[in-house]
Amino acid sequence: MPERDHLTVTVQRGGPDAPMRPQTFEVPAYDNQTVLDVVSWIQQNADPTLTYRFACRVGMCGSCAMMVNGVPRWTCRTHVSKVLDGNAIEVGPLRNLPVIKDLAADMDPFFDKWVSAEGMHHPTRTRDDAIEAIDPVTMERQEANAGIECINCSVCYSACDTVAGNPDYLGPAALQRAWTLYNDAKDANKDAILDAVSGTGGCHSCHSMGSCTTYCPNELDPLSAILGLKRATTKRFFGGRK
Amino acid sequence: MKVARAHPLWLAYLLHRLSGLGLALFLPLHFWVLSYALNDAAKLDAFLTLTEMPLVKMAEFGLVFLLAVHLFGGLRLLALEWLPWSAPQKTWAAAAVAGSFLVSTTFLLQAI
Amino acid sequence: MSEFHLYMAQRLSALVMAPFVIVHIGVMIYAIQGGLSAAEILGRTQGSVFWFAFYGMFVVAVSIHAAIGLRTILGEWAGLRGGMRDWLSAVIGLGLFALGSQAVWAVTA
Ligand code: HEM
Ligand code: SF4
Ligand code: SF4
Ligand code: FES
């Protein structure tokens, strides 16, 4: 690979008050450099008004996701060499969410939909009871485990074209959480979960295009979780119970 | 910013949607032509002679392909949704397209 | 009709249509040999209770299936929402049913 000393980085700027427009920066290239490093370099050396968000820098917190050359990614875990298009990178705020400013997307709709999908705990016991013993090998537990590492980064939500076309759609992450809780022995209200994912914008709006599973940086599989919800709701319709 | 998403299952989704849309748009025309049989069989025949034209033959090939690809793609989706079955989806999506080419090419070979 | 009921109606109508479509394609491949004529089609279908039931059920299923499918597309690609979209898809479904019934009647009566 030829040595290059600069990258051409196009950043989407703007927000509710100013229309989005691209701005291009020349950023020094290094051997080891993530997209987040590049964005930080711009903010620290070229334009301190550039707005973006990050916290952990190691793929734990889920706050640094942005569109990089048209793909939603964790910028802290994306090496520049992996995404470079010629000598250029284009960085924008996450798709399918309102923009607060520049690269910082407003995550409120994403989190609100977790609640709408009943992504909340329905306890089986009170604090006075002994902790329930969980058998790790049951099918249900394995299904629940499959989705538990989700860090709410919204990468899948931004990758989903159904979210883009249907603002009511709860989206892959919220539905995956609903499926996780549905399979959790410690959750007491499975019917509330199935009701929540059967309404407008519920799991039945998903078209199984699998962009969520393709792009989840955690290698989770929301597509299969949603298919599980479709099966469970269909089974309930025909009188089958869990 | 352009969005990059042309992975196999996304293409299968797009193909299923476009084939469904194409069939739904063609359906009223199909019904209308057949209704001619009620009043005037000669008129229906005049229409059917059109099917001898190469261009119309290609269009028919397209329709049979749309129907076959929507059928196989739809059965793939139904199995995916209702059977506890997640195996190699990309392979099944490709098989649906391949099967549709087979069916519609058989049709074309019979037609010419 | 909730979103879930529309989903069930669309999947069940699809399931009903699957054998119909397979037979339909088979008949097309068979019938097209040696060209198409009205006499040939009508000779097969006219007065046949079997083909009346076959195409009749096909038309019912496709009207339901296509109307729900187009409703989805109207929402996602044309940005229609609420009553306007439901109303339009109901009209599409009824229109397909009317045209389809007329066609079935024309070839089997
Ligand atoms: C063999 C029969 C058929 C099967 C198994 C089948 C299956 C399906 C399935 C499963 C879907 C849902 C896709 C989704 O929401 O992700 C669908 C959508 C659709 N189908 Fe069919 N279908 C069949 C025949 C037809 C026919 C004959 C027409 C045309 C008139 C049609 C028109 C549509 C339309 C317009 C959609 C909406 C596409 C979308 O939402 O992306 N289908 N079909
Ligand atoms: S499923 Fe994956 S992509 Fe989606 S929010 Fe969770 S970690 Fe992020
Ligand atoms: S599979 Fe469903 S949730 Fe995932 S990207 Fe496609 S439509 Fe969205
Ligand atoms: S900064 Fe925490 S995941 Fe990237």
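The values are calculated or read from the model by the stated rules, or taken from the named source; none is laboratory data. These numbers come from a predicted model, not from an experiment. A quick note on method: Cβ atoms are made from the backbone with ideal geometry, for glycine too, and the neighbour counts reach across all protein chains shown. Remember, those area values only see protein heavy atoms, side chains included, never the ligands or the DNA or RNA. Shrake-Rupley method; radii C 1.70, N 1.55, O 1.52, S 1.80 Å.
Quick notes on this one:
- Segment A:6-105, accessible surface, carbon-and-sulfur percent (1.4 angstrom probe): 51
- GNM flexibility winner over chain A from A:Trp179, A:Trp114, A:Trp41 (Cα, springs under 10 Å): A:Trp41
- About the centre of its Cα atoms, segment A:6-105 shows a dipole size close to 340 debye [charges on the beta carbon of Lys, Arg (+1) and Asp, Glu (-1) only; nearest 20 debye].
- Long-range amide H partners of A:Ile100 with built H, under 5 Å: A:Ala105, A:Asp106
- Loop-located trypsin sites (Lys or Arg not before Pro) across segment A:113-202 with a Cβ neighbour count of 12 or fewer within 10 Å are A:Arg125, A:Arg127, with loop assigned by DSSP.
- Approximating the spin labels as points 7 Å out from Cα along Cα→Cβ, the B:Thr49-to-A:Ala88 distance works out to 5.8 nm.
- Length gained when the stretch B:His7-B:Ala94 is fully extended (0.36 nm per residue, less Cα-Cα span): 30.1 nm
- Karplus 3J(HN,Hα) series, Hz, for segment A:64-80 with 6.51 cos²θ - 1.76 cosθ + 1.60 (x for Gly, Pro): 9, 5, 8, 7, 10, 6, x, 10, x, 8, 6, 5, 5, 10, 10, 6, 4
- Accessible surface of chain C [probe 1.4 Å, protein heavy atoms]: carbon and sulfur percent: 75
- Total accessible area lost when C and B pair, probe 1.4 Å, Å² to nearest 100: 3100
- The alpha carbons of chain B occupy a box of 52, 38, 26 Å along the principal axes, longest dimension given first.
- Between B and A, roughly 1700 Å² of accessible area is buried in total, ligands, DNA and RNA not counted and the probe set to 1.4 Å.
- Listed by chain and number, the lysines whose C-alpha is less than 29 Å from the C-alpha of B:Lys57, apart from same-chain residues fewer than 8 away, are B:Lys43.
- Highest-MSF residue in chain C out of C:Ile64, C:Ile41, C:Ile92 [GNM, Cα springs under 10 Å]: C:Ile41
- If R0 is 35 Å, the Cβ-Cβ spacing of B:Thr105 and A:Asp112 corresponds to a FRET efficiency of close to 0.10.
- Expected 222 nm ellipticity per residue - DSSP helices of 4 or more, -39500 (n - 2.57), all of chain A, to 500: -8500 deg cm²/dmol
- Area hidden from solvent between A and C (accessible, protein heavy atoms only, 1.4 Å, total, Å²): 1100
- Counted over the protein assembly as shown, the DSSP beta bridges are approximately 85% antiparallel.
- The residues of segment A:168-215 listed by number as losing at least 40 Å² of accessible area in the complex, against the isolated chain and with a 1.4 Å probe, are A:His204, A:His207, A:Ser208, A:Met209, A:Tyr215.
- Loop-located trypsin sites (Lys or Arg not before Pro) in segment A:1-72 (DSSP state other than H, G, I, E, B) with a sparse environment of at most 15 neighbouring Cβ atoms within 10 Å: A:Arg4.
- Tensor-based shape of segment A:108-237 (alpha-carbon gyration tensor, a/c under 1.5 rounded, otherwise prolate or oblate): prolate
- Extending 7 Å from the Cα toward the beta-carbon at both C:Val27 and A:Glu132 defines two label points whose distance is 5.4 nm.
- For the protein assembly as shown, with +1 on Lys and Arg beta carbons and -1 on Asp and Glu, the positive-most of A:Val80, B:Leu11, B:Asn39 along the dipole: B:Asn39
- Among the GluC sites (Glu not before Pro) within segment A:89-148, those in coil by DSSP and having at most 15 neighbouring Cβ atoms inside 10 Å are A:Glu132.
- Scalar couplings 3J(HN,Hα) for segment A:164-174, obtained by applying the Karplus form with A = 6.51, B = -1.76, C = 1.60 to θ = phi - 60°, are 4, x, 10, x, 7, 4, 5, x, x, 5, 5 Hz; x denotes Gly and Pro.
- Cross-link pairs beyond the 20 Å C-alpha cut-off, checked among A:Lys230/B:Lys2; A:Lys190/A:Lys235; A:Lys82/B:Lys2; A:Lys113/A:Lys235; A:Lys113/A:Lys186: A:Lys230/B:Lys2; A:Lys113/A:Lys235; A:Lys113/A:Lys186
- Local charge for A:Thr234 was computed over the other residues whose Cβ lies under 12 Å away, with Lys and Arg +1 and Asp and Glu -1, and equals +4.
- Rolling a 1.4 angstrom probe over segment B:8-111 with all protein chains present gives an accessible area of which 79% lies on carbon and sulfur atoms.
- Residues listed by number, segment A:30-54, amide nitrogen under 18 Å from A:Ser81 label point at 7 Å toward C-beta: A:30-38
- Accessible area of the protein assembly as shown divided out per residue, in Å², using a probe of 1.4 angstrom: 48
- Full-extension gain in nm, A:Thr51 to A:Thr24, via 0.36 nm per residue minus C-alpha separation: 8.2 nm
- GNM remark for chain A: springs join alpha carbons under 10 Å apart, and the peak mean-square fluctuation among A:Ala88, A:Ala133, A:Ala192 falls on A:Ala133.
- For A:Asn166, no residue has an amide H sitting under 5 Å from its own, ignoring neighbours fewer than 5 places away on the same chain, with H placed 1.01 Å from N.
- Charged side chains reduced to their Cβ positions (Lys and Arg at +1, Asp and Glu at -1) give segment A:150-241 a dipole of some 360 debye around its Cα centre.
- Along segment A:19-31 the Karplus relation, 6.51 cos²θ - 1.76 cosθ + 1.60 evaluated at θ = phi - 60°, assigns HN-Hα couplings of x, 5, 8, x, 9, 10, 10, 9, 10, x, 8, 10, 4 Hz to successive residues, with x for each Gly and Pro.
- Database remark: amide H of A:Glu90 closer than 5 angstrom to the amide H of A:Thr10, A:Asn69 (H placed geometrically; neighbours at sequence offset of 5 or more, or on other chains; Pro and chain starts carry no H).
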